[in-house]
Every structure is written in C-alpha cells, then in structure tokens.
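Enquirer: Okay, handing you the structure first.
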Amino acid sequence: MTMTPETWKVLANVIAEIPNSPSWLKEQAQLGWEAVSQLPVVDATSDGQHATPTVEDKAVAPDYLSFLREQIELGARGPEWSKVLRKRLVALEPFVGKQLTVATFYCKPHSATLRINPETTHSSTRR
C-alpha cells in the first residue's frame, strides 16, 4: 500500500487520539503531508531523526496469535515484555482473519506500530 495524503491524514488523526503516546510520535503526527513525504527511509537516518512511516494492509493471522501465546508462556524476555505481549494479544484477537492497515513510525532508536481497522478506524497500538 502506498502512503497517500489521505492515508497520512487518517494516521495523524489516530495518533492525536492516543493518550500518552511518545512525544516523538506526536511530533511526527503534526508534520504535514509534504514534510512526511520528504522524510528519509529508516536505514538512512541516525538517532533522533524521523524516518518515513511505512503502511500496508495485512490480515491478522491465527498463527501470529499462537506465536504470541507461546512467547508469553516462555517469558524469555521477562515479565514486562510478557505484559506487552498480553496486551497485544488481547488487542488483536477480535481481528483474526480481518484486514487491518498497519502503519509503522520511526524516530531512531524508537518505533511504534499502529494497527487500524479501516472499517471503524479503531486502532491498537504497540510501542
């Protein structure tokens, strides 16, 4: 999926509605389409520099949810990471088999991914 001015407007509006989102993400959402379209790709950036967001349409696959459950059970990265994965699992379960718009934003070394239901503009966030 190619990012368009309309897509960017929807994404920026969704970000504006997210409570407690990172300041770098809010800053990026305030950029206009022209500025966003001129950002470098993530591989061409250095720490603290914004990069072009990516966007694609994807279906939530049952095997991904199985993977999340397995990772939660293993707890290999500790309780805090397991907590993040549990939140992700709960947020994604209602969307199994449904198409979502997945947008990823970058400001090295950070990234944030939004999964947006295009039918309702409901989103789930992962940081």
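Only the coordinates and a few stated rules stand behind these numbers; no lab work does. Just so it is clear, the structure is predicted and the values come from calculations on it, not from any experiment. Every residue, glycine among them, receives a Cβ derived from its backbone with ideal geometry; neighbour counts consider all protein chains shown.
Enquirer: With unit charges on the beta carbon (Lys/Arg positive, Asp/Glu negative), name the residue among Tyr106, Ser82, Thr54 whose Cα is farthest towards the positive pole of the charge dipole of the chain.
Expert: Looking along the dipole axis, the top candidate is Ser82.
Enquirer: Got the relative contact order for the chain handy, in percent, Cα pairs under 8 Å and 6 or more residues apart? All intermediate terms of the calculation are to be shown ahead of the outcome.
Expert: Values: 169 pairs, mean separation 30.9, N = 127.
Over the chain, the number comes to 24 percent.
Enquirer: What's the tally of Lys pairs in the chain whose alpha-carbon atoms lie under 23 angstrom apart, where the two lysines are 8 or more places apart or on different chains?
Expert: Taking the chain as the scope, the lysine pair count is 9.
Enquirer: Please compute one quarter of the surface area of the Cα convex hull for the range 53-104 and express it in square nanometres. Walk me through the numbers before you get to the answer.
Expert: On the way: hull surface 15.4 nm².
Computed as one quarter of the Cα hull surface, the answer is 3.9 nm².
Enquirer: Compute the helix-to-body angle for 79-92: its Cα long axis versus the longest principal axis of the chain, expressed 0 to 90° and rounded to tens.
Expert: 80
Enquirer: A further question on this structure: Over the C-alpha atoms of the range 9-127, what are the Rg and the largest Cα-to-Cα span, Dmax, in Å?
Expert: Using the Cα atoms of the range 9-127, the pair Rg, Dmax is 15.1, 44 Å.
Enquirer: Around Ser111, which amide H atoms from residues at least 5 apart in sequence, or from another chain, sit under 5 Å from its own amide H, with H modelled in the peptide plane?
Expert: Sorted by chain and number, the residues that satisfy this come to none at all.
Enquirer: Report, in deg cm²/dmol and to the nearest 500, the calculated mean residue ellipticity at 222 nm for the chain, where each DSSP H run with n ≥ 4 adds -39500 (n - 2.57) and the sum is divided by the residue count. Intermediate results must be reported in sequence, preceding the final value.
Expert: Numbers: 5 runs with 52 residues, N = 127.
Calculated mean residue ellipticity at 222 nm is -12000 deg cm²/dmol.
Enquirer: Roughly how tilted is helix 62-74, in degrees to the nearest 10 and between 0 and 90, from the longest Cα axis of the chain?
Expert: 70
Enquirer: Just Gln99, Gln49, Gln28 to compare: in a GNM of the chain, with alpha carbon springs under 10 Å, which one fluctuates most?
Expert: Maximum fluctuation in the GNM of the chain, among the listed residues, is at Gln49.
Enquirer: Which value, in debye to the nearest 20, describes the size of the charge dipole of the chain about its Cα centre when Lys and Arg Cβ atoms bear +1, Asp and Glu Cβ atoms bear -1, and nothing else is charged?
Expert: Charge dipole, the chain, about its Cα centre: 380 debye, nearest 20.
Enquirer: Summarise the long-distance tail of P(r) for the range 1-60 by giving the % of C-alpha pairs beyond 14 Å.
Expert: When all Cα pairs of the range 1-60 are counted, 58 percent exceed 14 Å.
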